[in-house]
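Down below is the structure, laid out as structure tokens.
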Amino acid sequence: MTERLFWKDAYAKEFDAKVTAVRENAIVLDQTLFFPEGGGQVGDVGTIGGIRVTDTKKEGDDILHLVEDASSFSVGQKVHGAIDWERRYKTMRLHTAAHVGFFALREFDNQCSASSGRVDEEKERSDYTFTKELTPEAITAAEARANEIISRNLDVEIWFEESEGAAFNPWTRAPGSGFPAGLRRKWRIEGFESMDCGGTHVKNTSEIGRVAMSKGKNPGGGKKRIEIRLVI
Ligand SMILES: [Zn+2]
């Protein structure tokens, strides 16, 4: 099991760890700041022991760091890791912006739902099902609303709480988080309802800056793709 240091401090950039397994093209550590691809958020890149990490993925409770040369590592070795912070921070800002975008679009259509999403350092996209026709004017209004919410400098809270019943989302459970498994990860933007999410968020909406919302290519299935980019 890899301890998820990124859940304790989403702003930490460097860490020390011990190698617990070496695979053909990947290594596992006892703890890591590298966020593994999941919930639509890309896996982190960076360096471990001076070797490039090209992607990060989950494997059960372990986190696999895909490295350019795994043969230079051995089990038990102490290593120093550094994530590509510029890329991660843009991803965090966009991921948090996606939540704001959802709240803004729900004001246009309170029955809308967002299904699949993907976020990297370039843009965030989510596929929505709307019960009303999504006009260009509606997107412009949602963009203005999202920027208005962001400009209020709202705090983003993160916490864990006990999971009850069958509505259990493995994406937000807490293996290796330092919290007992069976907890789920919650977040809330000040003044809005709380939701489950395992992604990395900024602490205050002021960090997002300004965003642009646009319609992406048609994902099919009657859904509409909404893309969000950072303007500043
Ligand atoms: Zn989130």
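The values are calculated or read from the model by the stated rules, or taken from the named source; none is laboratory data. Treat the numbers as computed from the prediction; the structure is a model and nothing was measured. Note: ideal-geometry Cβ built from the backbone for every residue, glycine included; neighbour counts use all protein chains shown. For accessibility, only protein heavy atoms count, side chains too; no ligands or nucleic acids. Shrake-Rupley method; radii C 1.70, N 1.55, O 1.52, S 1.80 Å.
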inquiry  = Quick check on the range 209-220: of everything there that is open to solvent by 30 Å² or more (accessible area, probe 1.4 Å) and in contact (Cβ under 8 Å) with a residue 60 or more places away in the chain, which residue is nearest to Glu86 (Cα to Cα)?
reply    = Arg210
key: Output for the range 91-117, where each listed residue is in a strand (DSSP E or B) and either surrounded by 17 or more Cβ atoms within 10 Å (Cβ to Cβ) or assigned by TED's automatic domain parsing to the domain that holds Val42 (or both)   = Ala114, Gly117
request  = Collect the residues in the range 30-49 that are in contact with a Ser or Thr (Cβ under 8 Å, 6 or more places away or on another chain) and not in a loop (DSSP other than H, G, I, E, B), keeping them in residue-number order.
outcome  = Gln31, Thr32, Gln41
ask   = So which pairs qualify, if the first residue must be in the range 10-27 and in a strand (DSSP E or B), the second must be basic (Lys, Arg), the Cβ gap must be under 7 Å, and the two must be at least 6 apart or on different chains?
value = Asp16/Lys78; Lys18/Lys78
remark   = Taking the range 70-85 and keeping only residues that are open to solvent by 50 Å² or more (accessible area, probe 1.4 Å) and not aromatic (Phe, Trp, Tyr), one is left with Ser71, Ser72, Ser74, Val75, Gln77, Lys78, His80, Asp84
ask   = Is it the case that Val22 is in contact with a helix residue (DSSP H, G or I) (Cβ under 6 Å, 6 or more places away or on another chain) and not assigned by TED's automatic domain parsing to the domain that holds Ser126?
value = yes
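Which of the following residues is assigned to a loop (DSSP other than H, G, I, E, B) and either small (Gly, Ala, Ser) or touching a Leu at 6+ places or on another chain (Cβ under 9 Å) (or both): Glu161, Glu133, Glu122? Lay out the reasoning, then the answer.
Working: Glu161 fails: assigned to a loop (DSSP other than H, G, I, E, B); Glu133 fails: either small (Gly, Ala, Ser) or touching a Leu at 6+ places or on another chain (Cβ under 9 Å) (or both).
When all the criteria are applied, what remains is Glu122.
Are any residues in the range 16-32 under 13 Å from Ile51 (Cβ atoms) and surrounded by fewer than 20 Cβ atoms within 10 Å (Cβ to Cβ), and if so, which ones?
Residues satisfying the conditions are Val22, Asn25.
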ask   = For Ser206, are the conditions met, namely being surrounded by fewer than 18 Cβ atoms within 10 Å (Cβ to Cβ) and modelled with pLDDT of 95 or more?
value = yes
request  = Only residues that are open to solvent by 20 Å² or more (accessible area, probe 1.4 Å) and within 16 Å of the ligand (Cβ to nearest atom): list them for the range 33-49, please.
outcome  = Glu37, Gly39, Gly40
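I'd like to check something: does the range 145-155 contain any residue that is open to solvent by 60 Å² or more (accessible area, probe 1.4 Å), closer than 30 Å to Thr47 by Cβ and in contact with a strand residue (DSSP E or B) (Cβ under 6 Å, 6 or more places away or on another chain)? Before the answer, list the steps.
Quick first cut of the range 145-155, residues open to solvent by 60 Å² or more (accessible area, probe 1.4 Å) only: 145, 148, 151-153, 155.
This time we only want the ones that are closer than 30 Å to Thr47 by Cβ, so: none.
No, the range 145-155 contains no residue that is open to solvent by 60 Å² or more (accessible area, probe 1.4 Å), closer than 30 Å to Thr47 by Cβ and in contact with a strand residue (DSSP E or B) (Cβ under 6 Å, 6 or more places away or on another chain).
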Checklist (1) without any contact (Cβ under 8 Å) to a residue 24 or more places away in the chain; (2) away from the ligand (no atom under 16 Å from the Cβ); (3) of a type outside the set (A, V, I, L, M) applied to Arg106, failing item = (2)
